[in-house]
Amino acid sequence: MAKTSGTPWYTAAALVALGGLLMAAAAAVRWLPCLGSRTDQTCVARQSRVYDYLVPTEPWQALPATALLAGVGMFLLAAGWPSVRRCASSWPRS
Amino acid sequence: MLKPLLLGGLVLAAPVVGVLPRGASPVLLAGEITLDIAGLAVMLAAPSHRLADYQRLLLAMVAFWLVGWVGQVLDALVFGLLTLDAEVAPGSGLLTAVIMIGCGVGIALITAHTPERGSPTLAARDPLERTGHR
């Protein structure tokens, strides 16, 4: 496939969307027990701040799957930025 | 780019090397806010005469801003209305992730509907892109 000026933007779009998808999966893993009932014991436990996976400060007890999914998701988002910067640096100045 | 890289690295490393002490929270928040303001400066400095490029940069920046405290506050506001008594409302994290997906889709859609730079269609639309040889 020939590279066009839109290719870096498509790369950035795919990485941002995929990053978001993984972040959504991380949230879904955390809140899965709440689908049935919000008064379920597991669901109530998951409402504690210790299960927050985005900021790893004490006390932290995030599920390994949520940490992995969210971490990789954020890396993908970061990986999209070089493409955005490449496009932005090639803009003609007014 | 630095903020998702930093937070992603911390989150991935935490199960292996351990978490940051509680006292690191304000420092981390201050760092996030600084990087968000740097992102705002990038947006303000970017030339806006090519609307499609500016829109795509803005969407990428929204995704960047949503990672971290901005997303957490947004989720707390929205999902907190559904479950008032929870420490963290069920569903938190989903909204920001869905908006991020939307940003990616938006960038792709704008790219699909934007003529290639240098193409005759674009030259006709955007006089600033023309090479001026008269």
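The values are calculated or read from the model by the stated rules, or taken from the named source; none is laboratory data. Fair warning: this is a prediction, and the values are worked out from it, not measured in the lab. Every residue, glycine as well, gets a Cβ built from its backbone with ideal geometry; the counts of neighbours run over all protein chains shown. Ligands, DNA and RNA are stripped out before the accessible areas are found, and what is left, the full protein with its side chains, is counted by its heavy atoms. Shrake-Rupley method; radii C 1.70, N 1.55, O 1.52, S 1.80 Å.
Quick notes on this one:
- Helix axis angle, A:64-89 relative to chain A longest principal axis, alpha carbon, degrees: 20 degrees
- Within chain A, the cysteines lacking any other cysteine Cβ closer than 4.7 Å to their own Cβ are A:Cys87.
- Portion, in percent, of the accessible area of the stretch B:1-79 that falls on carbon or sulfur, probe 1.4 Å: 80 percent
- Order of exposure, largest accessible area first, which applies to B:Thr34, A:Thr42, A:Thr57 with probe 1.4 Å: B:Thr34, A:Thr42, A:Thr57
- Cα centroid separation - the stretch B:1-75 against the stretch A:26-88, whole Å: 15 Å
- Under a model in which nothing but the beta-carbon of Lys, Arg (+1) and Asp, Glu (-1) is charged, the protein assembly as shown shows a dipole of about 840 debye around its Cα centre.
- Over the residues of chain B, the helix contribution to mean residue ellipticity at 222 nm works out to -23000 deg cm²/dmol, using -39500 (n - 2.57) for each DSSP H run of at least 4.
- Set of the stretch B:47-66 residues, backbone N closer than 17 Å to the point 7 Å along the Cα-Cβ line of B:Ile37: B:65
- Neighbours of B:Trp65 by Cβ distance under 14 Å: Lys/Arg scored +1, Asp/Glu scored -1, total -2.
- Computed accessible area, B:Val16, all protein chains, 1.4 angstrom probe, square angstrom: 120 Å²
- Excluding ligands, DNA and RNA, the accessible surface per residue across the stretch A:8-89 is 44 Å² with a 1.4 Å probe.
- Residue-level accessible surface for B:Asp85, protein heavy atoms, 1.4 Å, Å²: 140 Å²
- In the stretch B:71-97, comparing the full protein assembly with the chain on its own, the residues that lose 10 Å² or more of accessible surface at a 1.4 Å probe are B:Gln72, B:Leu82, B:Thr83, B:Ala86, B:Glu87, B:Val88, B:Pro90, B:Gly91, B:Ser92, B:Gly93, B:Leu94, B:Ala97.
- Rounded to the nearest 100, the interface formed by chains B and A buries 4700 square angstrom of accessible surface, both chains summed, with a 1.4 Å probe.
- Computed over neighbours whose Cβ is under 14 Å from that of A:Ala79, the net charge equals +3, Lys and Arg +1, Asp and Glu -1.
- Here the sum of -39500 (n - 2.57) over DSSP H runs of 4 or more residues, divided by the residues of chain A, equals -20500 deg cm²/dmol at 222 nm, to the nearest 500.
- Helical segments meeting 15 Å axial Cα length and Kyte-Doolittle 1.6 threshold in chain B (DSSP H): B:2-17, B:24-45, B:69-82, B:94-112
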